[in-house]
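What follows is a set of notes on a single structure, which appears directly below.
The values are calculated or read from the model by the stated rules, or taken from the named source; none is laboratory data. Since the structure is predicted, the reported quantities are computational estimates derived from the model, not experimental observations. No Cβ is skipped: glycine too gets one built from the backbone with ideal geometry, and neighbour counts run over all protein chains shown.
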Amino acid sequence: MPITLLLDLDDTLLETNMDIFIPAYFKALSTALAEKVAPEVMIPALTGGTKAMMVNTDPALSLRDVFDSYFFPKLGLDRHTLQAAIDRFYDEIFPTLGALTKPIPEAVRLVDWAFAQGHRVAIATNPFFPLKAIHHRLRWAGLPPEKYPFALVTSYETFHFTKETVAYYPEVLAQLGWPEDPAVMVGDDIEREVKPTQVAGFPVFWVRKSGEVSAEPAGVPQGTLKSFRGWLEKTDLETLRISFQTPQALLANLASTPAAIATLVSSMSLDGWRRQPAPSEWCLTEILCHLRDVERDVNLPRIRKLLAEENPFLAGEVTDRWVEERHYNRQDGRQSLADFITARKESLGLLNGLQAEWSRTARHAIFGSTTLQELVGIVAGHDRAHIQQVWKTLHGVW
């Protein structure tokens, strides 16, 4: 059975001492741009931009958007002014920083084996870097992207959340089209990979160095990278199903949906938005109009009613017919996406910070007695079904 492997990069596939690498990286970049920006201005701007990415929770903003909105105003310049120098840095200078890292031979053996088994392999690295820089780091690890057809490499251009935010993990799966097969995250960092994936409901394997001991994480599969393959071959793959039972996992899923869709459709032409992928299948515009209207006209009113009233009655809604009644195919797909993001952020604003309210009850016309948590779970499932639909439409796999 094929599975989805989410592989961390630094200190999992590539030996990297970040306490050494990041200062050297910042120094090299500030030196390369010194003719335009003084290093004493550049370094604080880089640090502040990185911190801003760490805490972003806005699904409307890519990490590059977040970084740019902090970084360039601090410099008093725009990206266009520096872009040529930045490109030259990543093409000519950044590759020299590979001397500060060390390849891990077992990483290449693992990835070769995974592809030979037909597994889906994604590089789930913390997306602080541009894709060009991550490709260099993969080459340092002996895993050049020119050779290995990774299903996804997470970078700051295409991601909205970092590993400091639980929503990063469902965003990875969403950008992969929410495959139904088992999945496992493989990483070395307890705080950024093990604990957040547990909260997100993802199976995880903690890669510890030989001889490394920790009281945490209790009950988590662990071992050296070399031992991972043996563990995986002995594991019942049905136990590696992603579970979305907790409020934290559900909120992460809800946040990731509009973010991932924005990336998936980012290069779509106007004709592509309205192209029907198969007879009776919705085009992208119709899918986004549906998501927008279900969020605005169904999900938000239900959440508000359930939070305001004791055990309210919730009417059933037949929303598929709206595609014809509301003439979705005549609407603007990009605007529908923007409106869906706005509505979803409003839902998240109502749900974030709730505690006991998750168990508030309601009487649903179709589902019967239910709770807020169960209803949000249904929303998350609805999201995943339509992300799969978007992905199939984009990849022509109907």
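Hey, does segment 134-147 have a residue that's under 16 Å from L5 (Cβ atoms), of a type in the set (A, V, I, L, M, F, W, C) and part of a loop (DSSP other than H, G, I, E, B)?
Scanning segment 134-147, I find at least one residue that is under 16 Å from L5 (Cβ atoms), of a type in the set (A, V, I, L, M, F, W, C) and part of a loop (DSSP other than H, G, I, E, B), so the answer is yes.
Whether any residue in segment 291-308 is over 20 Å from G381 (Cα atoms), outside the structural domain of N56 (by TED's automatic domain parsing) and without any contact (Cβ under 8 Å) to a residue 12 or more places away in the chain is what I want to check.
Yes: segment 291-308 contains one or more residues that are over 20 Å from G381 (Cα atoms), outside the structural domain of N56 (by TED's automatic domain parsing) and without any contact (Cβ under 8 Å) to a residue 12 or more places away in the chain.
Every residue in segment 247-265 that is polar (S, T, N, Q) and either part of a loop (DSSP other than H, G, I, E, B) or farther than 18 Å from I387 by Cβ (or both), please.
Q248
Would you mind finding the one in G49, G76 that is surrounded by fewer than 17 Cβ atoms within 10 Å (Cβ to Cβ) and among the small types (G, A, S)?
Of the residues listed, the single one that is surrounded by fewer than 17 Cβ atoms within 10 Å (Cβ to Cβ) and among the small types (G, A, S) is G76.
Return the only residue of P217, P196 being assigned to a helix (DSSP H, G or I) and either in contact with a helix residue (DSSP H, G or I) (Cβ under 9 Å, 6 or more places away or on another chain) or not assigned by TED's automatic domain parsing to the domain that holds A141 (or both). I'd like the intermediate steps shown before the answer.
Values: P217 fails: assigned to a helix (DSSP H, G or I).
The match here is P196.
Could you list all residues from segment 15-26 that are part of a helix (DSSP H, G or I) and either touching a residue at least 12 places away in the same chain (Cβ under 8 Å) or acidic (D, E) (or both)?
Of everything in segment 15-26, those that are part of a helix (DSSP H, G or I) and either touching a residue at least 12 places away in the same chain (Cβ under 8 Å) or acidic (D, E) (or both) turn out to be D19, I20, F21, A24, Y25, F26.
Return a yes/no flag: does segment 266-286 have any residue that is assigned to a loop (DSSP other than H, G, I, E, B), over 21 Å from F159 (Cβ atoms) and in contact with a Lys or Arg (Cβ under 8 Å, 6 or more places away or on another chain).
Yes: segment 266-286 contains one or more residues that are assigned to a loop (DSSP other than H, G, I, E, B), over 21 Å from F159 (Cβ atoms) and in contact with a Lys or Arg (Cβ under 8 Å, 6 or more places away or on another chain).
Is one or more of the residues making up segment 332-340 crowded, with 16+ Cβ neighbours inside 10 Å, in the same structural domain as I378 (by TED's automatic domain parsing), over 21 Å from S62 (Cα atoms) and in contact with a helix residue (DSSP H, G or I) (Cβ under 7 Å, 6 or more places away or on another chain)?
Within segment 332-340, none of the residues are crowded, with 16+ Cβ neighbours inside 10 Å, in the same structural domain as I378 (by TED's automatic domain parsing), over 21 Å from S62 (Cα atoms) and in contact with a helix residue (DSSP H, G or I) (Cβ under 7 Å, 6 or more places away or on another chain).
Can you pull out the helices (runs of 4 or more DSSP H) entirely within segment 316-398 that have at least 2 residues that are more than 20 Å from the chain's Cα centre (by Cα) and within 20 Å of P279 (Cβ to Cβ)? I'd like the intermediate steps shown before the answer.
On the way: elements: 322-325, 333-351, 372-395.
Ranges flagged: 322-325.
Would a scan of segment 3-10 turn up a residue that is within 23 Å of F159 (Cα to Cα), aliphatic (A, V, I, L, M) and without any contact (Cβ under 8 Å) to a residue 60 or more places away in the chain?
no
Name the pairs whose Cβ atoms lie under 6 Å apart, with the first residue in segment 155-173 and assigned by TED's automatic domain parsing to the domain that holds V199 and under 12 Å from A262 (Cα atoms), the second in a loop (DSSP other than H, G, I, E, B) and not aromatic (F, W, Y), and 6 or more positions between them or separate chains?
Pairs found: F159/P127; H160/P59; H160/S62.
Could we say that T96 is surrounded by fewer than 16 Cβ atoms within 10 Å (Cβ to Cβ), at pLDDT below 95 and polar (S, T, N, Q) here?
Answer is no for this residue.
Rundown of residues vs (1) in contact with a His (Cβ under 6 Å, 6 or more places away or on another chain); (2) surrounded by 15 or more Cβ atoms within 10 Å (Cβ to Cβ), yes/no style:
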{"site": "V55", "(1), (2)": "no, no"}
{"site": "P59", "(1), (2)": "yes, yes"}
{"site": "T81", "(1), (2)": "no, no"}
{"site": "T101", "(1), (2)": "no, yes"}
{"site": "A122", "(1), (2)": "no, yes"}
{"site": "P127", "(1), (2)": "no, yes"}
{"site": "H136", "(1), (2)": "no, yes"}
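Tally up the residues in segment 164-187 that are among the hydrophobic types (A, V, I, L, M, F, W, C), in contact with a strand residue (DSSP E or B) (Cβ under 8 Å, 6 or more places away or on another chain) and not in a strand (DSSP E or B), please. So that I can check it myself, show each step before the final result.
Step one: list which residues in segment 164-187 are among the hydrophobic types (A, V, I, L, M, F, W, C), which gives 166-167, 172-174, 176, 178, 183-186.
Those left that are additionally in contact with a strand residue (DSSP E or B) (Cβ under 8 Å, 6 or more places away or on another chain): 172-173, 176, 183-186.
Cutting the leftovers down to not in a strand (DSSP E or B) gives us 172-173, 176.
Residues that pass the stated criteria total 3.
Specify which of the listed residues (F202, F161, F244) is over 15 Å from the mean Cα position of the chain (by Cα) and either of a type in the set (S, T, N, Q) or assigned to a loop (DSSP other than H, G, I, E, B) (or both).
The conditions single out F244.
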